[in-house]
1. What are the ³J(HN,Hα) couplings of region B:258-268, residue after residue, when phi is run through the Karplus curve with 6.51, -1.76, 1.60 and θ = phi - 60°? Round to Hz, x for glycine and proline.
2. Taking loop as defined by DSSP and a crowding limit of 10 other beta carbons within 10 Å, which trypsin sites (Lys or Arg not before Pro) in region A:150-239 fit?
3. What are the extents of the Cα atoms of region B:6-311 along their three principal axes, in Å, largest first?
4. What does the average come to when, for each residue of peptide B:20-33, you count the partner chain Cβ atoms lying within 10 Å of its Cβ?
5. Could you work out the local net charge near A:His2, counting Lys and Arg as +1, Asp and Glu as -1, over the other residues with Cβ closer than 11 Å to its Cβ?
6. Could you list which residues have their amide H under 5 Å from that of A:Gln284, counting only those 5 or more apart in sequence or on another chain, with H placed in the peptide plane?
7. Any idea what angle helix A:639-650 forms with the longest principal axis of chain A, computed on alpha-carbon atoms, 0 to 90 degrees, nearest 10?
8. Can you list the aspartates and glutamates whose alpha carbon sits under 17 Å from that of B:Lys293, skipping same-chain ones fewer than 8 residues off?
Amino acid sequence: MHGQPRKPLKQEDESLLSAKAAKLRTLQSQFFANHRDRIYTQEALDLSAKLLETNPECYTAWNYRKLAVQHNLSRSDPDYVAFLFHQELKLVENALRKNYKSYGAWYHRKWVLSKGHSSIDDELRLLNGFQKADSRNFHAWNYRRFVTSLMKRSDEDELIYTEEVIGENFSNYSAWHNRSVLLSNLFKSKAEEFPLEEKVLQEYEHVRSAIFTDPDDQSGWFYHLWLIDLTVKNYAPLLVSSWPSHGSNITLNGNNCIYGCGLSLLNSTLSDTRTLPVILYFNQAVEGINLSTVAVKSELLKEDLVWKPLSTNNSSTAQVWGAYLNLGNMELEQSKTYSIKITIGHSMGIVSSNGYQYGDPYQIAFKLCVQTASTKPVEEQGGKLTSWKDNNFQKIDHFEDSDSIVSADLHIPTTSDWCMKAIEEEITTFRDLLSEEKCKIGKLSLARLLTALDLITHQHDKRKNHTEEVLKLYTDLMELDPTHSLYYKDEHSLVLLKQITSSRESLLPYCCYYKDATEANTSYVCLRLQNLSLSRMGSFENLLWVQMLDLSHNDLRSIEGLEAMQLLSSLNLSHNKFGSFTVLGPLRSLKSLKVLDISYNKIGSHSIDTRRYLCSSPLANTEVFAWDRFEILCGSFSATKFWEAFLIFESLNLTDLNATGNAVADENFTSFIVKVLPTLKWLNSEELA
Amino acid sequence: MEELAAEKHVRYILSVEKKKDSFESVVMEHLRMNGAYWGLTALDILGKLDTVDVDEVVSWIISCQHDSGGFGGNVEHDPHILYTLSAVQVLALFNKLDVIDVDKLTSYIVSLQNEDGSFSGDIWGEVDTRFSYIAICCLSILRRLDRINVEKAVKYIISCKNMDGGFGCTPGGESHAGQIFCCVGALAITGSLDLIDKDLLGWWLCERQVKSGGLNGRPEKKPDVCYSWWVLSSLIMIDRVHWISKEKLIKFILDCQDVENGGISDRPDDAVDVFHTYFGVAGLSLLEYPGLKPIDPAYALPVDVVNQIFFSKTSTNVIK
């Protein structure tokens, strides 16, 4: 019941209604008798018509009408057939006048028309009537798309129709939506008559007048964002970064520990298993990364690489792909340099989810060499408790030349001039709008446009970017529109991270050597992004090299995307806002993770788990619950209670976990986690017996 | 701020069943199965499902199953996938899925998948992404998802994605919060949420919150309590629910209560009904309102019911 005032009925209304109810009930029971006995006489049809005109929602009666049509069609008299279908169309029209939102009525009309016995000439006239009465009725718009395709009306003509509708009243989201559908079709089917560039420029002007007329009206907001996307987005898949990066040198010491690339940190899992990760990071999700599309040349290669999508879902597409180069039992010669060449796009087959092919082949070449064995075996990680206290970290003055901290942007094609001009023009007009009126869509659009501009100018030259202004705009928006403040805060975090990770110079202040106080010999590089009020993580494409990461004392709720950081071995997530174990889903694919601090979060204090479906699980039909393992490890615990923790930790090899300060971390949990993580040496900063 | 008049709502829900002869219930009799789901799930969230005569409900549900395996909205009504889901959900509430012929039910749903991966609502062929969700949700609850072509089903849903990140009934259809719930829910249950542009869709969804704190279903429309479910559950499934103000939404829902006679309406001071009562209560549950059982955003059943299905060894065996 929608929009009916809450008031007690008057006496006379009540008796009137109950008489109506009795009448309707009689009608219904007569109808059911006819339906049961398959009576399709004109009299029976009239009765069902009466029922549907009173209650168009009675779907069984529409079904009955269809059965009746099929039954009566056996009489081949063409006049009668015409009458039969006309009768149905008339009934639908009457029913729609009673309730123009009736799914059953609209579908009945489609069904009748698709039988091909009725003229469709009148349909647009009828529709125009309904669309005038309610210009946002999505049933009518759906029906319009059906009818126009049935009568083969051109997309161009329909585009003109949307222009007329918008001309009468710009506040019509349905019309803007339909315009985006029609234009998308035309860009694909008639690219020559509809050059993207010309059309997009016109559309900017068109939607601008809608937004500027009433900036609070949302009708044009999403359309405008779509246009920005059309202007700057690379639809073809591109490689954005990789690990190892092109031209890098990786040094393994005698114990097969990875050095170089700014890493002094021993990655013990990698050396234990003698594997080297190779990570490919694309601008969008792609599929088809395999032996034929990615060719690897190296004398080190003794067996084929197995490429896996790094995704928390189990789909065949992913933005990040990884493989492990198995060094196996190979005797690597001291001081010899081995070269490895990887060609991405070696053959066709890397495809984005909307069907665009990866372009020209691109080669990543890097070198691997083995250094003299260290004098004493490096102590196995986990032997010591990792302490994240400030005094264990030492600022770095400069990076070594051999370090390649950032995987630089790879071959991003240059953007056409019109794109740049279009964005610059939009920026000017939105600045004008803001000089007159402090509206949120003005600020938000400007922030997006400036970000887009930085994205495309970045490729031409590194002129002054607009990060500071964009950050300020998002800060303003948090105040201007407090209802959505966390949306702006998330955007703010992403821009800030982009700035921090954009170059070696910008990263330097956030990099430290981790120094174990008692062991002066070993010092590791740690990226410390703590205390930055980050509510969201991002820029993973620039962080593939990181082995030790401190994200503590932020406002993080999720680590979406962290699965790309395959080298990560120590991670501090303490003092954030993580609300569940499923949030930690991305960690499941981090083979090297040993040290994890999730202390002082909100795990266990929320009844609604917002990551429940973003984490692979039986609920999402992406994996089968490992009952056998669960029962062996922790059969005495309840699976309905501990399944999340089991799913996350069961595949990890942690040696050091801190989970104190979470609602979930009671004694029960402690005894559970010790069983799930047999590798654990330290729990909540205490050494396990 | 007003508080949730939980007891009054329980009484209201129980009273609706008794007013069978009112005009309203005669007009709505074809969707009694949906009504049963709304009312009973609301009762369960309010912790009062034990006030219901289980056997009576279950035997009525059984009487609505047809030879084809599908369920009608009421006795005498034709089978349709819309009511089939409600029947399955109510049986799941009572942990009684073993009383029906699951094989027949499964074949019914499987028979409705079309060549392009979409689903028809019944034998008459209306196609809508609502039906995709229903088919996928039902089969997953029955642990029979492998009986359909999931890949094609997902592809079809993605073909209904729009420039605003939302989804329509069929390709080209305008985004609508109810439809978005169905598509996001289906993608969640099939582990395909990575195919959604979460930031774009999240922005569209969070902008559904209007000044009063309520949520609308499309841009420039009035707020309505039912979107507390459609929008909120979608935002939760894509992990963007912090982009709206929970406090304002809680206030809006509570303002829509009839504190005298129980029940919740679409907007403040409108007439209440069981549909909005359910969506209001379910919305409050998603907002972690104290004293309510948590509800699962994808299966639209209480979390304990869903966990029982997926994480209890015995229940898997029973259904298999």
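1. 8, 6, 7, 10, x, x, 10, 10, 5, 9, x
2. A:Lys152
3. Cα spread of region B:6-311 along its principal axes, largest to smallest: 47, 47, 39 Å.
4. 5
5. Charge balance near A:His2 sits at -1.
6. A:Leu238
7. 50
8. A:Asp609, B:Glu3, B:Glu7, B:Asp44, B:Asp50, B:Asp304
The values are calculated or read from the model by the stated rules, or taken from the named source; none is laboratory data. Source: prediction; values computed, not measured. Quick reminder, even Gly has a Cβ in these numbers, built from the backbone with ideal geometry, and neighbours come from all protein chains shown. Areas reflect the complete protein model, heavy atoms only, side chains present, ligands, DNA and RNA absent. Shrake-Rupley method; radii C 1.70, N 1.55, O 1.52, S 1.80 Å.
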